[in-house]
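Single-structure report; data block below.
The values are calculated or read from the model by the stated rules, or taken from the named source; none is laboratory data. Quick caveat: nothing in here was measured; it's all calculated off a predicted structure. Note that we place each Cβ from the backbone using ideal geometry, even for glycine, and neighbour counts take in every protein chain shown. Areas reflect the complete protein model, heavy atoms only, side chains present, ligands, DNA and RNA absent. Shrake-Rupley method; radii C 1.70, N 1.55, O 1.52, S 1.80 Å.
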Amino acid sequence: MLENKRHLFDIPNDIVYLNCAYMSPLSRSVQDAGERAIQQKMHPWTTSSEDFFGNSEKAKSMFAKLINGNTPDIAIIPSASYGLAIAAKNIEIQRGQKILVLEEQFPSNIYCWQERANETGAVVATVSAPEDKDWTAAILENIDDTVAVAALPNNHWADGGLLDLEKIGNQLRKVGAKLVLDVTQSLGVLPFDIEKVRPDFLVAAAYKWLMGPYSIGFMYVAPSFQNGDPIEYNWLNRAGSEDFSGLVRYQEAYQPGAVRFDMGQRANFQLLPMAIAALEQLLDWQPHKIYETIAQMNRTIATAANEIGLQSIPEALRAQHFLGLEKKGGFDPDLLKKLASRNIYLSMRGNSLRVTPHVYNTPEDTEKLITALRELV
């Protein structure tokens, strides 16, 4: 468990922000890093050619630590959809094969596979939401030798339903299928080990649980795919790009590892320093401690919510940083507005009132939410 970290954020005492799954606030340290970066751009003569490479390598190294991976396997991307498009482009899929996805999965990990299915004659096979809430069992039942790839999250973005990716990955490998993950809604809080799960591709946008800025993210690419095709062809990724005087000696060869998949302008002199500051913060706090801290808050909320007739996924089948509350007959369509009038901020996703706190939330925040639910639901 961690001590409360609200003092590290610019969150007024009367604001109850329980919506990290929508967008995290920036900590003061990340804000400071961004302001310093803006100051540097005001004085471009202070930026050297070495600066085009140093921060990107540092950011990749820190992201690799977060997933227990290796720096050369990491690429910098602008969004989850960008990385997923790379995965879809590089995985071989045959006519009639299946691409497994979840019912009501986040669209960034759907559209690229629909497009790929149209190109190849494959089928996007949707695993229906299980009545018993056990996503892992439901997915395992759908894995057979017709599956080419499973494109999945670590937990469902609406209600937090948890997937055992280690079990799923093992079963996929038995039938020769690939695993592509969008962990935007879990990485940074839910502990993850690339060596245990062994995905072929993994992406995460930085602006949610990685607590960084918008328009930047990271991608893991398994070594077996690191000779694949990128979706853009920029100069920074090519061999010898460190030598600015030789850039017009065009190179067919790429730099080694996952670098070929880096987005153009990966050096982003404003966003990368902010992403680095956020990663430093998460690594210092340690994801498992963040997870335990949030889990306790959600446990308290779930117990109180159950007493007023709101249901959630059983704890053993739910990612503990997520709490999706459901009500028989549904919620008042104006509930979010009514909560916001009390300075309480949540999201509705599907049928779930989504509660996603973080280490900046206090016991007082929890009590204010519980009181409001008792009065408004």
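Overview of values
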| read-out | value |
| --- | --- |
| Reachable lysines, given that their alpha-carbon falls under 18 Å from the alpha-carbon of residue 98 and they are not under 8 places away in the same chain | 89, 174, 178 |
| Equivalent-ellipsoid semi-axes of the range 72-116, from the Cα gyration tensor, Å, largest first | 20, 15, 8 |
| Contact order normalised by residue count of the range 126-192, Cα under 8 Å, 6+ apart, percent | 36 percent |
| Extent along principal axes [Cα atoms of the range 36-104; Å; largest to smallest] | 56, 26, 24 |
| Taking the C-alpha atoms of the range 151-307, convex hull volume expressed per residue in Å³ | 140 Å³ |
| Whole-Å distance, taken between Cα centres, linking the range 32-70 and the range 7-26 | 25 Å |
| Relative contact order (%) - the chain, alpha-carbon pairs under 8 angstrom, separation at least six | 26 percent |
| Zero-based 10 Å bins, Cα pair distances in the range 116-187, whole percents | 18, 53, 27, 2 |
| Protection proxy ranking, peptides 49-57, 75-83, average beta carbon neighbours within 10 Å, highest first | 75-83, 49-57 |
| Alpha-carbon gyration tensor eigenvalues x 5, square-rooted, for the range 1-45, Å | 28, 12, 10 |
| Under 25 Å from the Cα of residue 289 - lysines, other chains or at least 8 residues apart | 5, 58, 60, 65, 167, 196, 208, 368 |
| Debye equation applied to the C-alpha atoms of the range 47-179, log10 I(q)/I(0) at 0.12 Å⁻¹ | -0.55 |
| Percent accessible area from carbon and sulfur atoms, the chain, protein chains only, probe 1.4 Å | 49 percent |
| Spatial separation of Cα centroids for the range 228-250 and the range 276-319, in angstrom | 43 Å |
| Largest-first principal axis extents of the Cα set of the range 190-236 (Å) | 30, 29, 13 |
| Three semi-axes of the equivalent ellipsoid, the chain, Cα gyration tensor, whole Å, largest first | 35, 29, 16 |
| Percent of beta bridges antiparallel (DSSP, the chain, rounded to nearest 5) | 55 percent |
| Over the range 5-131, relative contact order from alpha-carbon pairs under 8 Å, at least 6 apart, % | 16 percent |
| Per residue Cα convex hull volume in Å³ - calculated over the range 228-267 | 70 Å³ |
